[in-house]
Amino acid sequence: MIVDNGDIGTARIIPGSNPSQYAVELKFYGSGTEKMRKASGNHIGKPVAIIIDGRVVMAPVVRSPIGDSALVTGHFTKAEAERIVHGIGLH
């Protein structure tokens with residue numbers, strides 16, 4: 001595990017590229033920022049698993065090193081994005 005809920009400051013749903021799609025924005029605390037920067041820099045072009053309650057809920061591909069925030073994009077419905085945010089446990 002790279003980061004856990006204690007490393008995440010906020011998780012929220014944001015509008016995607018069209019009205020029926022949504023994304024999830026994560027902002028990390030200082031310790032989480034350093035952990036993500038180091039781990040993501042070594043995984044460009046590779047998937048990173050996002051695990052909630054012991055299950056992989058998505059595995060987006062890292063496009064660039066992650067710093068103090070990350071935008072997880074995909075073809076998420078609002079319900080899917082809400083499930084991810086609620087699963088992270090931050091509101």
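I'm spelling it out carefully: the read-out is Rg and Dmax of the Cα atoms in Å, the candidates are [x] 12.4, 34; [y] 18.3, 73; [z] 17.9, 54, and one was derived from this structure. Which label? Read-out from the structure maps to [x].
Run the accessible area of region 31-91 with a 1.4 Å probe and give the carbon-and-sulfur part as a rounded percent. Answer for region 31-91 is 54 percent, counting heavy atoms of protein chains only.
Of all the options K27, K78, K46, the one that moves most in a Gaussian network model of the chain with Cα springs shorter than 10 angstrom is K46. I8's amide H: which non-local residues (gap 5+, or another chain) put their own amide H closer than 5 Å, with H modeled 1.01 Å from N in plane and none for Pro or chain starts? Answer set, sorted by chain and number: Y29. Net length available on complete extension from A59 to R12 is 15.1 nm, with 0.36 nm assigned per residue and the Cα-Cα distance removed. In the chain, the longest principal axis of the Cα atoms and the axis of helix 78-88 are about 30 degrees apart. Packing around the peptides 15-22, 50-57, taken as the average count of other Cβ atoms within 10 Å per residue, puts them in this order, highest first: 15-22, 50-57.
Between beta-carbons, use under 13 Å as the cut-off and find the net charge around P65, counting Lys and Arg +1, Asp and Glu -1. Counting the neighbours of P65, the net charge comes to +3. The sum of -39500 (n - 2.57) across all DSSP H runs of n ≥ 4, divided by the residue count of the chain, sets its helix-only mean residue ellipticity at 222 nm to -8000 deg cm²/dmol. In a simple Cβ point-charge model (Lys, Arg +1; Asp, Glu -1; nothing else charged), the chain has a dipole of about 200 debye relative to its Cα centre. For K78, the lysines whose Cα falls under 24 Å of its own Cα, not counting residues fewer than eight places away in the same chain, are K27. A 1.4 Å probe run over the chain, with the rest of the protein chains in place, finds 63 Å² accessible per residue.
The values are calculated or read from the model by the stated rules, or taken from the named source; none is laboratory data. Please read these numbers as outputs of a predicted model, since none were measured by experiment. Methodologically, a virtual Cβ is constructed for each residue, glycine included, from the backbone with ideal geometry; neighbour enumeration extends over all protein chains shown. Ligands, DNA and RNA are stripped out before the accessible areas are found, and what is left, the full protein with its side chains, is counted by its heavy atoms. Shrake-Rupley method; radii C 1.70, N 1.55, O 1.52, S 1.80 Å.
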